[in-house]
Each structure stands twice: as C-alpha cells, then as structure tokens.
Amino acid sequence: MEQLTGMDASFLYFETANAPTHIGSFAIYDQSTAPGGRVTFTGILRNVQKRLHLARCFRQRLVQVPLDLDHPYWMEDPDFDIEFHVRHIALPHPGDWRQLCIQVARIHARPLDLTKPLWEMYVIEGLDSVVGVPEGSFAVFTKIHHAAIDGVSGAQLASAVHDLNPNDQPPEPVHEWVPEEDPGLAGLAVLTTLNNIRTPFKFARVLGQTAPRLAALFSGGGDEEVEGAAEVPRTRFNAPVSSHRVVEGRNFSLDSIREIRKSVPGCTVNDVILTIVGGGLRRYLEDHRELPRESLVAMAPISVRTEAELNTAGNRISVMFATLYTDTADSIERLEKVYHGTRESKAASEAVGARTMTDVTQFMPGMLAGLAARLYTRLGLANNVSPFLNTVVTNVPGPQIPLYFTGARMVSLYGLGPVMDGMGLIHPVFSYNGQISISFTSCRQMLPDPEFYGDCLQESFDELLAATKHVLAVRKPAQRKATKRKVTKKKAAKKVAKKSPPRKARKRAAR
C-alpha cells in the first residue's frame, strides 16, 4: 500500500455532492487509420487491458482511515473489473458538437465511485455532424479523480494508452500484477499511530523552511510586488455551484499563438493564453452588462514535479495568481500587461517556495478539512466571503506529433476540470500536434450559454491575431529603415577612411 500525500488527499476532503473533484479530457479519433480501417469496442477493451501495468492508478483503489484520522492509502484492487471502467455509448442523430459537449458534461457532473479505482472511460460513437471531423470518427471521454493525478501526470497517463504508430504494441509487463488484501481496522490503526508520532517532527522541519520566506514576503523585504494582491471583484462565477455542468472548447493554431508572441518581445505562450481568456471574459461579461471596473484574476497551477517524479502519479503543484486585465480594451496592451504581471507573480511564488508550500498540505487534518468543506457549502459562504480568484487557467503541454489509440489517430483533444463553490469556471488548456485547445467547465446556472462564451474566446483570439499582424507589419519597415541607416553609416565611414591619408603622411604634414 502507498499513502496519499496531503495535497492528493485534500481533493477527497473538499469533494461535496454538488462539486466532485475529478478531472478529465475527451479526444476525437479518426478510425480510418486503424488496421482494417475500423475500431471495435472489443478491440478497445483488449487494448486498454494490455496497458494496465503502465499506470498504477488503473487498478488502485482507496483504503480510507476511519474518522479520517490520517490520510487514505492506495491498494491494488483484488476486485478490479475493466468492463466497469470502460463503457460504450452513442449520440442520437444528428450527432453534432453541442450534443457531444452536453453528453460529456452530463457524465462529468456525476461523482466517481470511491469504492473502486477512481477512473472511467467512455467510448462515444455517432459523431456524424461534428464539423471538421473525419467520417466515422469516435470520441473517448476519460475522467479520473484529482487525488490520483495532476495535469502533468495526467498527460503521462495518456501516453500509457496511446502509441506513436497505428500498429504499435505495448511493452510486456516486467512483473506479474499482484492484488492486495484490505489491511482492516487493526492494520490501519497501527499505521495511523506510527504516522501521528512522526508528524510533529516533519511539520517542524517544513515550518522551519517556510516561515522565513513568508516573513520576508509579507514584511516587504522582497523587491517584487505580489501580483493579484489587489481586491478581486465578485462575478457570477464567485457563488455556490449547482450539480449540473457545461463544457465547451475552441481549437487554435499553435503557429498563430507563437506569431502573437512576437508582438510583445519576451512573452510566452502562457501569456498569450491568459490574454485570450481575459478578452473572452471581458466580451462575455460586457454583453451581460456585468463587467467589473477592476480586472479579473486567474489562478494558474504550476508544476513543481522534479526529474525523479516524472513518472509518478499524484499531485506536485503550486499556484500563482495572474491579473487578466479585463479592464483593458486594447488586446496588445492587455498582452503587454499580462506579460509584466506574470513575471512579478512568478517571482512572488518563488519567494515563498512552491515546493515547500506543497509540503505544508501533508499535515492537513482530513476530518477537519472535510468538515470545513461541508460547512462552506451548507452555509453558502461563497456568497459572503471575499473572492480571491475569478477563474482557473491550467496549461498542460502535450506532444506535437500524432498519437494513436487502438490504431485510430487522435484528431483533437479537450480538457475538463472541477468547479466548486466560489470558483465556478475553469479553463483547461491542452496543446497537441500543432494545435492548442482552450476548453472550459462551469456550472450550468452560472454559464447557461456556453456556446456564446466559446464564441467570445474565438473573437478574442481573432482580434489579438489581427492586432499582432498590424503591429508586425508596422514594425518591419521601421526595422528595415534602421538596418539601412546602419549600413549607410558603415559605408560612409569606409569612404572617409579610404580618402584619409595614411598615418605617417599625416604626421609629416603636421611637422
């Protein structure tokens, strides 16, 4: 058995009936690339079965400590049944994009069964009217509990079920899989006692690392201002969420995103993504006459996974806060502000020590954390407590080459995330094979018109790309003129040098 870290366990403690804390993704596949040009559900089951040894979370289920006196454990489930986890459905006619998003949102809204390994996979057929999708394509929606993976380990989990070529086969397992027996109350009591004896010493060490950094940051000892420290405005997304979800997404060219980067020297792809989201939110709230004077603030998870942890499951994340500058109408000016703002926010995060902050969560009392989450929901505190963020934007880099699932080529990839009281909108961002998708998950009551918000994101991107082309078109002639002036000056200097008499001749003339 392996115990969950405090951060992994926190996603279990803060889960409520209306806000499950699993994450997910759905991809669309072209089955014409598969051997024989066709993929069957039986073939998918067989393919996933062969790859169970490539990711431990596939067959691990929770063992929870009574009264949450300690963090739960993972154990190899002796009752694992792959047909419970991999399921097969189809969209009714006509099978368009909105139907696909509605079906995925409906499945995403349902909590996972905590008595079984915490993942489910849905093969969805009937995509007959999804624009831009090859004929006969199917989708696969996978959801897995956030206690098991973060965005980076989720991307690595995806690599376990995908190949680089249609005919590739997974490697054979090195060791035979062995299920585990439930330790029972007596075994858990012994483990809990030993952990509680060690905890004060571990906490003292972590506190010793954290306290000086926090003191320096909040006493003004650092040179950097904490980005997002200003008051965060309240929006429709800072309220209690219902149990219903909406999902949407838009795909953009990675080359176009990189082109936009050139308009502000030094900015990153992540800065461009934040600017697009800021523009989309500005349009959406402005149309509903709800745009605050103050800028909206996004939380962006940061991976603190070390080289040694690259192939491990679980969560290794910290966060930074980024102002989206939704109060700025000009898209290029907004990008410049986002660029400078994220530099400051990263500096503040590093000042605290992102890795150390993740260690602090190890000592979170599970019973108290769960009670706090339930009280927060029952008392409706999301309406009364000042918000500290308006949305989440999480960027997960992916492979820039085609991937294949049971021989079918992945066409596009979209992400889903959890929402909770006070945080009703999340934007998972995935990059894959020359594309970047900006998806979003929200509460249906907060965002009843997801297709319109998707259009707002598209318009924000289009405006930013058009403004970039204008900036670069103006900048190139100016650069050519500057280069031409330099060349002219060099040529003039050479001519003067040729006309001037040698140094010895000048000396004789002087005498």
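Some observations on this one:
- Taken together, the criteria exclude Ser437 from residues that are at pLDDT 95 or above, among the polar types (S, T, N, Q) and farther than 22 Å from Ile257 by Cβ.
- Leading residue by the ranking (surrounded by the most Cβ atoms within 10 Å (Cβ to Cβ)) among those in the stretch 421-434 that are in contact (Cβ under 8 Å) with a residue 40 or more places away in the chain and farther than 16 Å from Asn270 by Cβ: Leu425
- Residue match in the stretch 155-171 (condition: more than 21 Å from the chain's Cα centre (by Cα), modelled with pLDDT of 90 or more and not in a loop (DSSP other than H, G, I, E, B)): yes
- Top-ranked residue in the stretch 435-450 [being more than 22 Å from Ala34 (Cβ to Cβ) and either of a type in the set (Lys, Arg) or in contact with a helix residue (DSSP H, G or I) (Cβ under 8 Å, 6 or more places away or on another chain) (or both); ranked as surrounded by the fewest Cβ atoms within 10 Å (Cβ to Cβ)]: Arg444
- Within the stretch 1-25, the set of residues being in a helix (DSSP H, G or I) and touching a strand residue (DSSP E or B) at 6+ places or on another chain (Cβ under 9 Å) comprises Met7, Asp8, Ala9, Phe11, Leu12.
- Residues of the stretch 118-142 that are crowded, with 19+ Cβ neighbours inside 10 Å and charged (D, E, K, R): Glu120 alone.
- Taking the criterion of being part of a helix (DSSP H, G or I) and either surrounded by 21 or more Cβ atoms within 10 Å (Cβ to Cβ) or modelled with pLDDT of 90 or more (or both), the residues of the stretch 143-154 that qualify are Gly151, Ser153, Gly154.
- Considering residues of the stretch 403-420 that are in contact with a Leu (Cβ under 8 Å, 6 or more places away or on another chain) and in a loop (DSSP other than H, G, I, E, B) only, the residue surrounded by the fewest Cβ atoms within 10 Å (Cβ to Cβ): Leu403
- Residues (within 28 Å of the chain's Cα centre (by Cα), at pLDDT 95 or above and of a type outside the set (Gly, Ala, Ser)) located in the stretch 23-44: Phe26, Ile28, Tyr29, Asp30, Gln31, Ile44
- Some residue of the stretch 77-94 being among the aliphatic types (A, V, I, L, M) and either closer than 30 Å to Val174 by Cα or modelled with pLDDT under 95 (or both): yes
- Contact annotation: residue pairs with Cβ atoms under 8 Å, 6 or more positions apart or on different chains, pairing a residue in the stretch 253-267 that is surrounded by 13 or more Cβ atoms within 10 Å (Cβ to Cβ) with a partner that is hydrophobic (A, V, I, L, M, F, W, C) and not in a helix (DSSP H, G or I), are Ser253/Ile436; Leu254/Ile436; Ile257/Ile436; Arg261/Cys267.
- Test: Ser318 is buried (at least 18 other Cβ atoms within 10 Å of the Cβ), at pLDDT 90 or above, within 15 Å of Ser345 (Cβ to Cβ) and not β-branched (Val, Ile, Thr): no
- Single residue of the stretch 1-33 satisfying the filter (more than 24 Å from Tyr414 (Cα to Cα) and of a type in the set (Gly, Ala, Ser)) that is surrounded by the fewest Cβ atoms within 10 Å (Cβ to Cβ): Ala17
- Restricting the stretch 325-363 to residues that are modelled with pLDDT under 95 and charged (D, E, K, R) leaves a set whose member that is farthest from Glu459 (Cα to Cα) is Asp359.
- Apart from one condition, Phe141 fits all of (1) in contact (Cβ under 8 Å) with a residue 40 or more places away in the chain; (2) more than 18 Å from Tyr29 (Cβ to Cβ); (3) hydrophobic (A, V, I, L, M, F, W, C); the exception is (2).
- Restricting attention to the stretch 34-46, the residues being in a helix (DSSP H, G or I) and buried (at least 19 other Cβ atoms within 10 Å of the Cβ) number 1.
- Meets criteria (surrounded by fewer than 18 Cβ atoms within 10 Å (Cβ to Cβ), modelled with pLDDT of 90 or more and either aliphatic (A, V, I, L, M) or in a helix (DSSP H, G or I) (or both)) for Ala467: no
- When the residues of the stretch 84-109 are filtered to those that are of a type outside the set (A, V, I, L, M, F, W, C) and touching a helix residue (DSSP H, G or I) at 6+ places or on another chain (Cβ under 7 Å), the one that is surrounded by the most Cβ atoms within 10 Å (Cβ to Cβ) is His88.
The values are calculated or read from the model by the stated rules, or taken from the named source; none is laboratory data. Worth saying up front: this structure is predicted, and the values here are computed from it rather than measured. Counting neighbours? That spans all protein chains shown, and the Cβs are built from the backbone with ideal geometry, glycine included.
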